[in-house]
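What follows is calculated from the coordinates using simple rules that are stated; it is not laboratory data. Every value quoted in this text rests on a predicted model; they were computed, and no experiment measured them. Neighbour counts run over all protein chains shown; Cβ positions are idealised from the backbone, glycine included.
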Amino acid sequence: MEQSLFLNTLAFEFPKEPKIFYFSKEDRKDVSLTKLSHQLFPTNIKDIFPDIKNSDTIYTSFDRNVANLLPLGIDFAAPENYNLVKRHYNRKLNYFLVCQNLIVEPNRITKDNQVWILCNTDNRRKDCDRYDRFTLKFDFDHFNKRAQIVLSYDRGGLILKSSITDFLKTDNDPFTISLKPAPSIGLINRVLFKQLVEKEDGHSYTKFRIDRHVFLEDKVKEYNTENSFPIMNNKLANYLGINEEESNDDSESQYVYIRPKNRYLKYYNKINQFFKRYLDNDEFRSIIPISKDGFSFANELQIGYTKEKSKELIFGDKRINVNPQAGVNNGPFAQAKPSNIQLLFIFPKADVDQARLLLGYLKDGYKDFFKGLKKYTGKEVTHAPSKFHVQLENPNDPIPEIEKMLQEEREDRELIAIYLTPISKHSADKEAHKIYYKVKEKLLVNNIVSQCIETDKMLRVLKEDEGVDKNGNPKKNFSYTLQNIAIAINAKLGGTPWRLNAPVQNELVVGIGAFKNIENNTNYIGSAFSFDNTGSFNAFEYFQRDQLKELAGSVENAIKNFTRINDKPERLIIHYYKEMSLIHEFPHIENKLNNLGLDIPVYVVTVNKTESEDFLVFDGKNKDLLPYSGRYINLGNKTYLLCNNTRYENAVHNFMDGYPFPVKIKIECPTDTTQPIDTKIVTELIDQVYQFSRIYWKSVKQQNLPVTIKYPEMIAQILPYFSNTDNIDTNNLWFL
């Protein structure tokens, strides 16, 4: 199949000869100099400062010749000078962009430049301006051994049209009780400060600055709140009742009837317009000599391919399919474990008709497309006696009524709760949102797994399904919802909806993830999920973010549990949500392995929790720009960009499967850092990440992130809402 892969990078060559920079050991009041710590010292700094120590500080004007500063030739290609060279190019970029009258926000740590450009085209809010955000990052292409600018589109940002002063004004009487509290400065973090600057010639211009309000208030004497405009953040969005559901990627949705947008086209159009308008000209190339060819094409030698079989899944009767939505109609790979499965319904009393309707679909099927729960669980599923169903008199306080039901004698029934709720999981009403978690926890501690369904969404999809599509066929969107419910129920009851078509190997895969619940201001919660190489789930544990010993202990427990059933694993593979510190984090795991007497290779695969948006690859031969699934780009430095979607060769891509961005992964072998990792092993590990994205049992929709990262994040999102996590079942996928 023809393909033409290119990245969102702009290549250029370093100067062939050393470039002269100017340095001083002292700061100057008459000229602006940049302070450098030892991490930014050039490799040959002792040529001008022979006695310099790491504890010293020096100052530079970079390539600007300033009187009484010492000149020094800097080799841009020397790896040891990378951080200094990066700082130099970032300054050049910043100056150029500011001169274009753009709003530029340098990253405090990396110094990369983010540009904000007003774009209200898709803005639905009258109280905010919407901005497109672009990041220009200097980088070194480790594979092709050349410099590059990475031009990325960072999605939109909202800034209030009201200044801080106007926002804080309120007509509320402070002595009268109000349902909505008055706005406070605590809702505001970062701001856009617009400062009018008078020039000596009498002309004036507006200087833009984005920074934290508290920093500007403390450090900038010209700062004032009349000309500062709050940038949207989670707290402010919650206060204003902004629902972010529509702007989120819908791949997580249980209700898959929304047509996904082609994010590749939007992303490319945005960065290409920026490139053409600001960078594709002689003025910019005089500063950074980027190639006139534009975005860089991937070298054929850096393109890799996952195995053809890696996308194959095994369903009931050992049927093989690459499409979960079609494959599940063959039944599950493994049946649900309990025998006497009964559904109990929890719903507001006013929704009894909707509950009755859903029960009928779950038991008997829907429009010949959904075959009923028995087909997907492999077991008979009936409804529980009426005494177990809870018709809520008070949907806002359901726990007392649920507790009353839990007093009923269960006998040998395996109950699974279907909870119809009027509350969206994206609801801006956070107190109402917590009700869902309270119900889930109450049922869970009583050994009842639950499935939540948003009633309004269900009815909306059913309404959409009335009639026929443009081809005259009955609409069937709700059948996807029912399939999602069915496979999740099977997994929660210990079944296996499908597994990977991979030969069983004696290896253990552990996924460790994290999530910060900003709304609750909780610490990160981490969880470790263990699987065998076919994707069969073993167990999970959870712990606080900084509990490194507990993290290592969870890996130790995973090995023990694996060994009780299998032999000792021949290798351990850890999928980690961030780059693991080989100094501070891995030694804890290594000690546990030594205690167990295990001398096995350990591979740490860093899987970015979010899709890669800094590096992106496009297929110029495809009008949708979506690359083939299973392609990966070697970015060098043990880092790879993996395309994980449902565009396969010799098949038509279904647009309803979406356009997920690639996943950026990095592979390390901390047990042997002296040798490069064998190419065959690297290929196997990339294949495994690709495969583990295909066993997500919450949806029949293809995912782009592996469950080793997605499942831990799901646990981390839920557990902060639980009042007690001591007795939570860790051998069950109840959170799906």
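Worth pointing out:
- Anisotropy class of segment 600-736 from Cα gyration tensor, a/c 1.5 cut: oblate
- Cβ-to-Cβ counts within 10 Å put ARG209, ARG277, ARG410 in ascending order as ARG277, ARG410, ARG209, the fewest first.
- Integer Hz, Karplus 6.51/-1.76/1.60 couplings in order for segment 47-60, x for Gly and Pro: 5, 10, 10, x, 9, 5, 10, 4, 7, 7, 10, 10, 10, 9
- Here the contact order of segment 610-690, divided by its residue count and restricted to Cα pairs under 8 Å and six or more residues apart, works out to 27 percent.
- Think of segment 335-492 as a dipole: +1 on every Lys or Arg Cβ, -1 on every Asp or Glu Cβ, centred on the Cα centre; then among THR421, TYR436, SER450, SER450 lies furthest on the positive end.
- Cα long-axis angle, helix 586-595 against the chain (0 to 90 degrees, to the nearest 10): 50 degrees
- Bridge type composition, the chain - antiparallel percent by DSSP, nearest 5: 75 percent
- One chain, two ends: ASP122 and GLU408. Fully extended at 0.36 nm per residue, the span grows by 97.6 nm beyond their Cα-Cα distance.
- DSSP bridge pairs, segment 335-492: antiparallel proportion in percent, nearest 5: 10 percent
- Three-way shape label, segment 335-492, alpha-carbon gyration tensor, a/c 1.5: oblate
- Cα gyration tensor, segment 1-144 - rounded (a/c under 1.5), prolate or oblate: oblate
- Each residue of segment 660-677 was assigned a 3J(HN,Hα) from its phi angle through the Karplus expression (A = 6.51, B = -1.76, C = 1.60, θ = phi - 60°), giving x, 6, x, 10, 9, 10, 10, 10, 10, 10, x, 7, 8, 8, 8, 10, x, 6 Hz with x at Gly and Pro.
- Spatially proximal aspartates and glutamates relative to LYS434 (Cα-Cα < 19 Å; intrachain offsets below 8 disregarded): GLU244, GLU245, GLU393, ASP397, GLU401, GLU403, GLU454, ASP456, GLU519, GLU713
- Given +1 at the Cβ of Lys and Arg, -1 at the Cβ of Asp and Glu and no other charges, the dipole of the chain around its Cα centre is 880 debye to the nearest 20.
- Residue order, fewest to most surrounding Cβ atoms within 10 angstrom, among GLU713, GLU649, GLU411, GLU590: GLU411, GLU649, GLU590, GLU713
- Convex hull volume of the C-alpha atoms in segment 500-721, normalised per residue: 144 Å³.
- Electrostatic bookkeeping for ASN189 treats Lys and Arg as +1 and Asp and Glu as -1; over the other residues with beta carbon under 11 Å from its beta carbon, the sum is +2.
- Segment 312-432 - percent relative contact order, Cα under 8 Å, separation 6 or more: 30 percent
- Beta bridges from DSSP with both residues in segment 500-721: antiparallel share about 70 percent, rounded to the nearest 5.
- Out-of-range pairs (alpha-carbon distance over 18 Å; input LYS337/LYS440; LYS92/LYS137; LYS374/LYS492; LYS261/LYS701): LYS337/LYS440
- 0 to 90° range, to nearest 10: angle between helix 707-718 axis and the chain longest Cα axis: 80 degrees
- Computed on the chain, with alpha-carbon pairs under 8 angstrom and 6+ residues apart, the relative contact order is 13 percent.
- Rg/Rh, computed from the Cα trace of segment 366-438 with Rh as the Kirkwood radius, has the value 1.04.
- Folded to 0 to 90 degrees: helix 352-364 orientation relative to the chain principal axis, Cα: 80 degrees
- Farthest toward the positive end of the dipole of segment 1-98, out of PHE6, TYR89, LEU69, is the Cα of LEU69, where the dipole comes from beta carbon charges about the Cα centre.
- The charge dipole of segment 582-689, taken about its Cα centre with unit charges on the Cβ atoms of Lys, Arg (+1), Asp and Glu (-1) only, comes to about 240 debye.
- Counted residue by residue at 0.36 nm each, then reduced by the alpha carbon distance between them, the extension gain from LEU359 to SER32 reaches 110.5 nm.
- Interchain or long-range residues, amide H under 5 Å from CYS128's placed H: LYS161
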